[in-house]
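Q: Dropping a structure here in C-alpha cells format, bear with me for questions.
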Amino acid sequence: MTAPLIVSSLAHDIHAAAACWGLQRAGVASRWIAGWHEGAPTLEIAPDAAPTIDNWGPDGTPRSVWFRRPMPPATLPNVAESDQRFVGDEWRRFAGNLHAVAGDMAGPLWVNPPASALRAEHKLVQLQAAAQLGLPFPATLMSSDPARIRAFVARHGRVVYKPFQTHSWQDASGRLFSTYARVVDADMLASDASLQLCPGIYQQAIDKICDLRVTVIGTHVFAARLDAPHDDDVVDWRSASIAGAVETSAYALPAVWRDGLLALQRKLDLALGCVDLVVDRSGALHFIEVNQAGQFLFLEQALPDLPLLRTLCALLAQGRLDCDPGAMPDDIGFAAYLDSEVYADWWAEVAPRLHTAGTVPPGVSLEA
C-alpha cells in the first residue's frame, strides 16, 4: 500500500492542508482530491468471487483514506452543459456504491469508513449508541409537534434548542449569523405554525461549569477544557470562540470516560471523532455529540503540547488504529505548520476566495 489519500471538497480545509504538510515532513507522499471524479477506484464483483475495490491509480492502493469532507461538485469539468445532470448523477450513484461497501472490504484504513461516517452524522444514532454503553446524556426530543415540544419543556424546565446542522446566513452588510444552540424562551414556543414549519432538537439543559472537547484519533484520546463567558441564553461555546472569548486548558479525562469514548468509537465504527462533553456543577460529565468530521487543530493551536496533528499523520501514514505518533518526526506540529512557507503560500491562495476573506482563524474552517 502507498500514499494516503485525503478526500475533501473544501479548498480552505486547513486540516487537510496541514495533514499533507505533516506527511511530507515524515517523508510520506499523500494525495488530496476534492471528490471521486478526480480519482476513483474500480469496483468489481462476480458470482464466484467477493467484491473488490482496486485500480486506485498510478500510486496503487492507498495505505489510508481520510474521508474528510466530500461533496458532489457543482459542475464537472470537460462535461457539456446538457450532460452535467446525467454525469453528475452517475458520479453520485457510483460514490454511493463505493461508500456502502468500502468499510467492509480489505484494503486501506478508512478514516472514517464512509457508510459509518454518514450514519454517525445522525444525532439519534449517536445518542442510541451512548445509551447502550451507559454514557449519560441529556434527555432529548426531536420534533415539530408544538404540543410535544411544550410538554417536553414543561417537564424539563430549562431546555436548549439546536438545529440538526449548523447553518449560517449573511446579511447585506456582510454580518454573519449562525444557528448555534440556545436556551428556549417563551416567544420561541408561541406559534404552532412556526414550530410546525421546521423540526428541531430540544435537549434538557445541563447546568454546566465548562465544556470539554475530546479528540479521539485511533486509540489515542486527547481532552481539552473550554471555558466560555457565561450567557443565560446562548450555551454553545462555538459562538464565543468566533470572538476569541474561549479559554482553553488541558483536562485530565477520567479513565472511565476515556474507555467509554473508545467504546463509542468502536460501536460507531469510527477511526476519528471530535466529542463534545459538558461538566455539570457536581463535576459529572455528560455526552452531547460526536462529530466524525470535526475540527481539532484549534485545540493544538491553544495547547501546543497536544500532539493532534502528529497523531493524525501517524494514523494516516501507518494505516492502523494503534498508530505510534512517537515514530513520526518530532517537528510535526500545528505551530510549525503555521510558521511554514507552505502554509503562507496556501493561505494566500485560498483566503481571497472566502466570503469572510482573511478573518478565519487558523485551525478553524467556516463549516465547523
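The values are calculated or read from the model by the stated rules, or taken from the named source; none is laboratory data. None of the values given here were measured: they were computed from a predicted structure. Neighbour counts are summed over all protein chains in view; Cβ atoms, including those assigned to glycine, are modelled from backbone coordinates with ideal geometry. Each accessible area value is taken on the protein alone, full model and side chains, heavy atoms only, with ligands, DNA and RNA left out. Shrake-Rupley method; radii C 1.70, N 1.55, O 1.52, S 1.80 Å.
Q: How big is the charge dipole of the chain about its Cα centre, in debye rounded to the nearest 20, if each Lys and Arg gets +1 on its Cβ and each Asp and Glu gets -1 on its Cβ?
A: Magnitude of the dipole: close to 720 debye.
Q: Compare the Cα positions of Ala46, Gly88, Pro113 along the charge dipole of the stretch 1-131 (+1 at Cβ of Lys, Arg; -1 at Cβ of Asp, Glu; about the Cα centre) and return the one farthest towards the positive end.
A: Result: Pro113, furthest along the dipole toward the positive end.
Q: Would you pull out the residues with amide H under 5 Å of Ser9's amide H, same chain only if 5 or more places away, H placed 1.01 Å from N?
A: For Ser9, whose amide H was placed from the backbone, the distant partners under 5 Å are Arg69, Met71.
Q: Which sequence of Arg93, Arg150 reflects their accessible areas, 1.4 Å probe, from the largest down?
A: Arg93, Arg150
Q: Now for a separate question. Going toward the positive end of the dipole of the chain, with +1 on Lys and Arg Cβ and -1 on Asp and Glu Cβ, which of Ser143, Gly326, Val350 do you reach last?
A: Comparing the listed Cα positions along the dipole, Ser143 ranks first.
Q: Longest exposed-loop-site-free stretch of the chain, with GluC sites (Glu not before Pro), DSSP loop and at most 16 other Cβ within 10 Å? Don't skip to the end; give the middle numbers.
A: On the way: sites that count: Glu121, Glu367.
Longest site-free region, per DSSP loop and neighbour criteria: 122-366.
Q: Report, to one decimal in Å, the Kirkwood hydrodynamic radius for the chain based on all distinct Cα pairs.
A: 22.2 Å
Q: Would you mind working out the accessible area per residue for the chain, using a 1.4 Å probe, and quoting it in Å²? If you can, show how the numbers build up before the last one.
A: Numbers: 18060 Å² over 368 residues.
With all protein chains present, the chain gives 49 Å² per residue.
Q: Continuing with this model, one more query. Could you order peptides 139-147, 314-322 by the average number of other Cβ atoms within 10 Å of their residues, highest first?
A: Values: 139-147: 14.7, 314-322: 21.1.
Most protected by this proxy first, the peptides run 314-322, 139-147.
Q: Tell me what the chain gives for mean residue ellipticity at 222 nm when only DSSP H runs of n ≥ 4 count, each as -39,500 (n - 2.57), the sum divided by the residue total, rounded to 500 deg cm²/dmol.
A: Here the helix-only value at 222 nm equals -9500 deg cm²/dmol.
Q: For the stretch 77-164, what D do you get in µm² per second when you plug the Kirkwood radius from alpha-carbon pairs into Stokes-Einstein at 20 °C and 1.002 mPa s?
A: 125 µm²/s
Q: While we're on this one: Roughly to the nearest percent, how much of the accessible area of the stretch 84-135 is carbon and sulfur, given a 1.4 Å probe? Walk me through the numbers on the way to the answer.
A: Details: 1520 of 2800 Å².
The computed percentage sits at 54.
Q: Here's something else I'd like to know. Based on alpha-carbon atoms only, what is the radius of gyration of the stretch 27-85 relative to the globular estimate 2.2 N^0.38 Å?
A: On the way: Rg = 14.8 Å, N = 59, 2.2 N^0.38 = 10.4 Å.
Relative to the 2.2 N^0.38 Å estimate, the stretch 27-85 comes out at 1.43.
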